């Protein structure tokens, strides 16, 4: 068997490859053949790794293609990939020998058509609305006349010039510009950082704006897409400074419009909403000043007339003081006489009260008489009670003596009656005793146990005892005694007695 295994194999024209050689050949073939491809499909299983790389799959109704976007290219993508998004990915195909799989390395990515953009926009709008970012209750009023206006827009476009020109015409205000890119890669992140940066002021001596304007000129949906990004919408909703969105023309609508506190149809309209017209305010202030002066003059005149009328109605102060002096003198004189009069009245009242009072001796005599009367009544009451008690005791003793006299004859009669009843019972008992029967010639026969016997109980040798009227005799039943024969019954009057044996 070992020899068979060592036999040389037959020669073959098919070349042999190692696994690494075959994998390398496949990798070169795929990368050379598909060095630049554009693939349209739906993103599935999207994952952003902590390293910054993007991993996902592109799929359609019949197949799935794994894809990866390295960190350097992921930062340059114009969109943020999400599951369910239909995109056109540009890149190259390669293989991964360690897993025997192939994948696409994505270098660029764009949404697949206007319909996909609108669907993505609508899905994102519903998602953010469900979180409450678009609620009307979160909207804040715009300041009437802000001191500082913060503007987030491109520093080189016509938008900033239009806003500054309109502010200068209406009401010149201090403006802080935060320059950002308004489209392309990284535009959404720059706008979001600008909104958050204005909210972190004051810093380094830069004051904080009273209102923010996020502005951009018109353009296509793709041009305005940065203002539909979730990061921009969330930054606008989280802004503590009231925010006016002015993105695109009047017919253009972006998601930042829903999250802002006020939407302006154009950047120029945003400047008009931010500040009032200075000339109109000056005219209004002048009119209010004239009305204030006129109303003040009329008010002073009215008060002057009222004071004059009141002055005519008031009495002469000298006369008032004289009357008050006379009244004071009168009160002082009456006060001097009031105290002696009061003392005299009090003495009179005291004398009347003393006359009505009784002397203590009279009171003591009256109380002593009353006490003697009560003592006499108490003595009579005690004597009456003692006499009544003595009479009650005498009546009780008499009743007890009478009862004792009646009791002795009653006891004697009762004892005699009981003795008679006892004698009668004894005579009756004696008449019923069998001793009387023995006196007439009868006898009582018992066995050795003391029980009465009959003729049927007679057995030879049995010891019996016979009781007569004058004594008892012991007998023994004989062996030749004849058996008992039936005897005729005796009547009640038959007193004859037969043989005992």
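The values are calculated or read from the model by the stated rules, or taken from the named source; none is laboratory data. What you are looking at is a predicted structure, and each value in this text was computed from that prediction instead of being measured. Cβ sites come from the backbone with ideal geometry, for glycine too, and all protein chains shown count toward neighbours.
Below is a table of values for the structure above.
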item: Qualifying residue in the range 441-449 (condition: part of a helix (DSSP H, G or I) and closer than 30 Å to residue 478 by Cβ); result: no
item: Breaking point among (1) at pLDDT 90 or above; (2) out of contact with any helix residue (DSSP H, G or I) (no Cβ under 8 Å at 6 or more places or on another chain), for residue 280; result: (1)
item: Residue list for the range 117-140, filter: over 30 Å from residue 240 (Cβ atoms) and surrounded by fewer than 18 Cβ atoms within 10 Å (Cβ to Cβ); result: 118, 119
item: Residue identified as surrounded by 10 or more Cβ atoms within 10 Å (Cβ to Cβ) and out of contact with any strand residue (DSSP E or B) (no Cβ under 7 Å at 6 or more places or on another chain) among 384, 353; result: 384
item: Subset of the range 460-481 (residues that are assigned to a strand (DSSP E or B) and at pLDDT below 80); result: none
item: Single residue of 195, 213 found to be assigned to a helix (DSSP H, G or I) and in contact with a strand residue (DSSP E or B) (Cβ under 9 Å, 6 or more places away or on another chain); result: 195
item: Pairs, first at positive phi in the range 124-144, second part of a helix (DSSP H, G or I), C-beta under 9 Å, six or more apart; result: 132/138; 132/237
item: The lone exception for residue 402 - which of (1) exposed (fewer than 10 other Cβ atoms within 10 Å of the Cβ); (2) in a helix (DSSP H, G or I); (3) modelled with pLDDT under 85 it fails; result: (1)
item: Only one of 206, 221, 233 that is in contact with a helix residue (DSSP H, G or I) (Cβ under 6 Å, 6 or more places away or on another chain), modelled with pLDDT under 90 and either buried (at least 16 other Cβ atoms within 10 Å of the Cβ) or in the same structural domain as residue 183 (by TED's automatic domain parsing) (or both); result: 221
item: Of all residues in the range 146-163 being outside any strand (DSSP E or B) and in contact with a helix residue (DSSP H, G or I) (Cβ under 8 Å, 6 or more places away or on another chain), the one that is nearest to residue 218 (Cα to Cα); result: 159
item: Condition met for residue 177 (in contact (Cβ under 8 Å) with a residue 24 or more places away in the chain, closer than 30 Å to residue 84 by Cα and either surrounded by 14 or more Cβ atoms within 10 Å (Cβ to Cβ) or in contact with a strand residue (DSSP E or B) (Cβ under 9 Å, 6 or more places away or on another chain) (or both)); result: no
item: Single residue of 303, 291, 263 found to be in contact with a strand residue (DSSP E or B) (Cβ under 7 Å, 6 or more places away or on another chain) and without any contact (Cβ under 8 Å) to a residue 24 or more places away in the chain; result: 263
item: Condition met for residue 94 (part of a strand (DSSP E or B) and over 19 Å from residue 256 (Cβ atoms)); result: yes
item: Qualifying positions in the range 248-281 - crowded, with 22+ Cβ neighbours inside 10 Å and more than 23 Å from residue 208 (Cα to Cα); result: 248, 254, 255
item: Candidate set from the range 23-79 (those that are farther than 23 Å from residue 100 by Cβ and surrounded by 16 or more Cβ atoms within 10 Å (Cβ to Cβ)); member that is modelled with the highest pLDDT; result: 46
item: Hey, residue 226 within 43 Å of the chain's Cα centre (by Cα) and either surrounded by fewer than 16 Cβ atoms within 10 Å (Cβ to Cβ) or not in a loop (DSSP other than H, G, I, E, B) (or both) or not; result: no
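Here's the yes/no breakdown for (1) out of contact with any strand residue (DSSP E or B) (no Cβ under 6 Å at 6 or more places or on another chain); (2) closer than 26 Å to residue 123 by Cα:
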site: 64; (1), (2): no, yes
site: 71; (1), (2): yes, no
site: 86; (1), (2): no, yes
site: 91; (1), (2): no, no
site: 97; (1), (2): yes, no
site: 101; (1), (2): yes, no
site: 110; (1), (2): no, yes
